[in-house]
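Peer 1: So that we are looking at the same thing, I have put the structure below in structure tokens.
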Amino acid sequence: MNIIIGKQLFQIELVSNQATKELIARLPINLKMNDLHGNEKYAYFSEILPTQEEKVDEIKKGDIMLYGSDCLVLFYKTFSTNYSYTKIGKVKEVDQLDFISEIETINVILVK
């Protein structure tokens, strides 16, 4: 799977689970992602996805996760957390994500 942010294409290394399978079946998906806490971008889906939540002690830059059953989160910083997420995948070109920290809202397209 890939994510287009602005005009830049990033590859996503996917986790194998039911949420990821259903997400792929819905592609392409256009999302407007807003900033939260200066470390992540998030957007809500109109339909829920299955969850397989697990406590994640450390979020890593480039992680893509599902919060709850309908909120996709793209993390652009590494930090500790007590929250639980369903893992979706990780951006392979993590070093090229820095520019999104300077933008409040980003438009993304999830594609195959």
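The values are calculated or read from the model by the stated rules, or taken from the named source; none is laboratory data. Please read all numbers here as calculations on a predicted model, not as lab measurements. Positions of Cβ are backbone-derived with ideal geometry, glycine not excepted, and every protein chain shown enters the neighbour counts.
Peer 1: Take the residues in region 13-42 that are free of Cβ contacts under 8 Å to residues at least 40 places away in the same chain and under 12 Å from the mean Cα position of the chain (by Cα), then tell me which one is farthest from PHE75 (Cα to Cα).
Peer 2: TYR42
Peer 1: I'd like to verify a number: residues in region 69-88 that are touching a residue at least 60 places away in the same chain (Cβ under 8 Å), charged (D, E, K, R) and closer than 17 Å to HIS37 by Cβ, how many?
Peer 2: Final tally of qualifying residues: 0.
Peer 1: I would also like to ask the following. Going through region 46-82 one residue at a time, which ones are assigned to a loop (DSSP other than H, G, I, E, B), at pLDDT 95 or above and within 21 Å of GLU13 (Cβ to Cβ)?
Peer 2: LEU49, PRO50, THR51, GLN52, GLU53, LYS60, LYS61, GLY62, TYR76, LYS77, THR78, THR81
Peer 1: Hey, another quick one. Taking THR105 and the conditions (1) without any contact (Cβ under 8 Å) to a residue 60 or more places away in the chain; (2) farther than 15 Å from PHE10 by Cβ; (3) β-branched (Val, Ile, Thr), which numbered condition does it fall short on, given that it satisfies the others?
Peer 2: All conditions are met except number (1).
Peer 1: Report, by residue number, each residue of region 94-109 that is part of a loop (DSSP other than H, G, I, E, B) and in contact with a Gly (Cβ under 8 Å, 6 or more places away or on another chain).
Peer 2: Listed by number, the list holds a single entry, LEU97.
Peer 1: Go through region 1-16 and give me each residue that's surrounded by fewer than 18 Cβ atoms within 10 Å (Cβ to Cβ) and either part of a strand (DSSP E or B) or at pLDDT 95 or above (or both).
Peer 2: MET1, ASN2, ILE4, GLN8, LEU9, GLN11, GLU13, LEU14, VAL15, SER16
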